[in-house]
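Okay, so here's the structure we're looking at.
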Amino acid sequence: MEDTMGTTPEKNTDTAKLLLEDAMPNMRLDVVRTLVTPDAPIRRAGFADLYAVTGDTIPQSGNFLEWLTSGWEVLSAGLTDQTAETTDVVAQGDTVVVKYHMTALHSGTFAGAPATGTRVEWDEIGVLHFDDDGLVTDLWFMCQELSLAQQIGYTTSRS
């Protein structure tokens, strides 16, 4: 059944999964560009805080398609051979919330940490909004930054 926004939550869910499980982990930027509006903002990048506290910088927000080269390509250079699997989805109207499990090979410098050569994993949540044509218009991400930081060699210290 089609909702008042012109697309169905099911179609939006399929688009979100294609973006997060296939196009982004496999650096299929041509596909990403067909799924997201040109002016879509990324409200928060998944590893923005980790990069900020380690002194390495990636944009934390801005135009999503521009962020792909200034942020996602940087992240993906250090975390290669990525996989993503959706574990939970809530879709209503023009919004899809996706929880997904990521794995990657820590094969290059990531957030200031040199490559460990080990597989790392984390859970992440994405909130995506869609337009009447079923294109993503807005993105927000939050992931298990502390867990990943520990997996790549960062430790917490207490005074």
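Residues being modelled with pLDDT of 95 or more, in a loop (DSSP other than H, G, I, E, B) and surrounded by fewer than 16 Cβ atoms within 10 Å (Cβ to Cβ): count how many of those fall in region 18-45.
So the count comes out to 2.
If you check T15, T80, which single one turns out to be touching a Leu at 6+ places or on another chain (Cβ under 9 Å), closer than 21 Å to D123 by Cα, of a type in the set (S, T, Y) and assigned to a strand (DSSP E or B)? Write out each step before concluding.
Working: T15 fails: assigned to a strand (DSSP E or B).
After ruling out the rest, the residue left standing is T80.
Working only within region 79-112, note down all residues that are touching an Asp or Glu at 6+ places or on another chain (Cβ under 9 Å) and small (G, A, S).
Matches in region 79-112: A84, A91, G93, A104, S107, A111, G112.
Which one of these is open to solvent by 70 Å² or more (accessible area, probe 1.4 Å), aliphatic (A, V, I, L, M) and within 16 Å of the chain's Cα centre (by Cα): M102, M142? Steps first, answer last, please.
Working: M102 fails: open to solvent by 70 Å² or more (accessible area, probe 1.4 Å).
None of the others qualify; the one that does is M142.
Among the residues of region 64-79, how many are surrounded by fewer than 16 Cβ atoms within 10 Å (Cβ to Cβ) and either within 24 Å of F130 (Cβ to Cβ) or under 14 Å from the mean Cα position of the chain (by Cα) (or both)?
Initial filter on region 64-79 (surrounded by fewer than 16 Cβ atoms within 10 Å (Cβ to Cβ)): 66, 69-70, 73, 77.
From the residues that got through so far, the ones that are either within 24 Å of F130 (Cβ to Cβ) or under 14 Å from the mean Cα position of the chain (by Cα) (or both) too are 66, 69-70, 73.
Total meeting the criteria: 4.
Taking the condition touching a His at 6+ places or on another chain (Cβ under 8 Å) and touching a residue at least 12 places away in the same chain (Cβ under 8 Å), does I125 pass? Reasoning before the result, please.
Numbers: touching a His at 6+ places or on another chain (Cβ under 8 Å): no; touching a residue at least 12 places away in the same chain (Cβ under 8 Å): yes.
Criteria not met by I125.
The values are calculated or read from the model by the stated rules, or taken from the named source; none is laboratory data. Since we're looking at a predicted model, the values are computed, not measured. Quick reminder, even Gly has a Cβ in these numbers, built from the backbone with ideal geometry, and neighbours come from all protein chains shown. Ligands, DNA and RNA are excluded from the accessible area calculation, which covers all protein heavy atoms including side chains. Shrake-Rupley method; radii C 1.70, N 1.55, O 1.52, S 1.80 Å.
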